[in-house]
1. Applying the Karplus parametrisation 6.51 cos²θ - 1.76 cosθ + 1.60 with θ = phi - 60° to the phi angles of the stretch 279-286, what ³J(HN,Hα) value in whole Hz is obtained for each residue in order, glycine and proline being reported as x?
2. Heavy atoms only, probe 1.4 Å: what % of the accessible area of the stretch 9-94 goes to carbon and sulfur, would you let me know?
3. For SER492 and LEU389 in one chain, what is 0.36 nm times their gap in residues minus the Cα-Cα distance, to one decimal in nm?
4. State the percentage of accessible surface on the stretch 420-480 attributable to carbon and sulfur atoms; use a 1.4 Å probe and exclude ligands, DNA and RNA.
5. Give me the distance between the Cα centres of the stretch 173-241 and the stretch 334-349, rounded to whole Å.
6. Measure off 7 Å from each Cα along the Cα-to-Cβ vector at ALA287 and ARG370, then give the distance between these two points in nanometres to one decimal.
7. Among 392-401, 197-206, 501-510, how do they line up by average Cβ neighbours within 10 Å per residue, starting with the highest?
8. Return the distance in nm (one decimal) between the two label points of a simple spin-label model at THR299 and ALA169, each offset 7 Å from Cα along Cα→Cβ.
Amino acid sequence: MSSLLVVIQTATERAPVFRLAKGALEAEATRRGLSLELMAETEIDPVAAWRTSGRTADAVILSAVTAPAQPADSGVPVIATSLARLARETRSVVGQLFPGDAAASTNDFARSGGTSEAEPPAQSAFAGEGGATTKAAPATKYLVGVTSCPTGIAHTFMAAEALLRGAKALGYEMKVETRGSVGAKNELTEEEIARADAVIVAADANVETARFAGKRLLETGTKAAINDAAGLIKEALALEPVAAKPGALKMPPKKARTGVYKHLMTGVSHMLPLIVAGGLLIALAFAIGGVYAGDQEGTFGWALMQIGAKSAFALFIPVLAGFIAFSIADRPGLTPGLIGGMLAVQVGSGFLGGLVAGFLAGYIALWINRAVRLPDSLAGLKPVLILPLLSSLLVGLAMIYVVGPPVKVVLETLSAWLSNMQEGSALTLGLILGAMMAFDMGGPVNKAAYTFGIGLLSAEIYGPMAAVMAAGMVPPLACAVAANIARNRFTSDERQASKATAVLGLSFITEGAIPYAAADPIRVIPCIMAGSAVTGGLSMLFGCELVVPHGGIFVLLIPNAITHGLAYLGAIVAGTLVSTVVLCLVKRPLAQAGKDNKKSSASVVKPAAA
């Protein structure tokens, strides 16, 4: 059996690109029948790490964020490449070291032109004769997948890794396209889709599926993929291929998550960058020009207010409504959704009106698209004239005469109640919002609380947003601290991952606590909910207000982004201490927990050598 040594320099083994590369390497090694050994280095250069380790193998891959220098006089075939390319083109890279393997490797490499768009071919010391030749049993099934979540930070990559591991466990081959916060990575080609036996789309935001017409297609959420990837793969392979009619709207299978939550999250994911940018610019305007910066025309502070408050914040409700409608009806819903959202702002119905406008526009556009049938000679008029005109007219009239006035009254009543809350009411609201943030850590309940806080920003009510973000930082921070205090109650992998988990917590990425909760949900989830509720309640009680919807603890560095900064920090510390203490008391020592607890893992699994 030939052996492959891979040395990767990475800031943390929790990094999504490292985890994707690791999973892809393990799957490829299994497919080729290779003995794989993987070294992860956080400090020293991969070339130096390999030289000093004394480890030997038939071939070596050296990787880092940027491709390391090609070592001289290596004695064995060596490839030096970037971590991104290693994760994206694993088969091609390994195929250069073991060219005698299955023809699929060279075919894939040839299709990509032997290189990637972002990087020249990997430097290789392989001369053509020194590489080992292995015969690997071809995979019985080939699957492709797409993962996406509203923020594109955590669930997207966790679901992708889970699918790759599930396919490997079943002896199948799989490629997963991730649609994260910086766009699509590891994109699927037409050839790969054509070759696939089944397609799995694990997404909590809208993903275009028309390219998978004629394939076995299973649509679900990221949570299902994380919890039972192997089960989803079996279910996908058992489906019947469904052919889509040319030009028709793609109708998801019965298992798809197509309800209110998915449509809402599609709108929120597109709205969020506008709120973040606008909120930070408003905070900077206050820091430079004071609370009356917007009144001093011509000053730099006034200019920042025009960009942040008058432009970015003015757009976020139309964008929310537009992409909710887009999620429901595809492109025909975008125009009436944007117009309905703008009318919601103009008639004073605000965020709530924008939500109504988005769903109303989406379902009206979907109904018109299905109801209006034209002869082929006039079909071209439907998408550019009939659909946008009729849907915009119906949505606009509804927003002005039917929806806008009552929703405006509801919003004004809610705003007045929130603005005049007594201490007891504020504390209660903070406790509820805090507990919701920790309940499912990025799931529907968490996103409902987060969306509530964001929506109130347009009404210039900033207290709930502060409570939501503070509470969202507590779960990963508490798990990280508890893992280092009660070391006998957490696995070594959980302890090793705690540093990265703490950074995620400080950055307001609540999903960092998911691996700990997944390993012991009955004990962990109530503990972190208790601390988050305390933090949310204290934040509201102290009167903390936050003008930006993201950024974590780092918003404290921005002048005027948060009021009562020390009290806000104290609320976060208090909630973290509560959850940490309860976790240390409730979680059982591993020696007593038995076989089930020994199986728990934060997320980093040591690579197995075949």
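1. x, 5, 5, 5, 4, 5, 4, 5
2. 53
3. 31.0 nm
4. After summing per-atom areas, the C and S share lands at 62 percent.
5. One Cα centre to the other: 34 Å.
6. 5.1
7. Put in order of decreasing packing, that is 197-206, 501-510, 392-401.
8. 6.1
The values are calculated or read from the model by the stated rules, or taken from the named source; none is laboratory data. Remember, it's a predicted structure, so these values are computed and weren't measured experimentally. Cβ: placed from backbone, ideal geometry, glycine included. Neighbour counts: every protein chain shown. We work out accessible area using only protein heavy atoms, side chains counted, and drop any ligands, DNA or RNA first. Shrake-Rupley method; radii C 1.70, N 1.55, O 1.52, S 1.80 Å.
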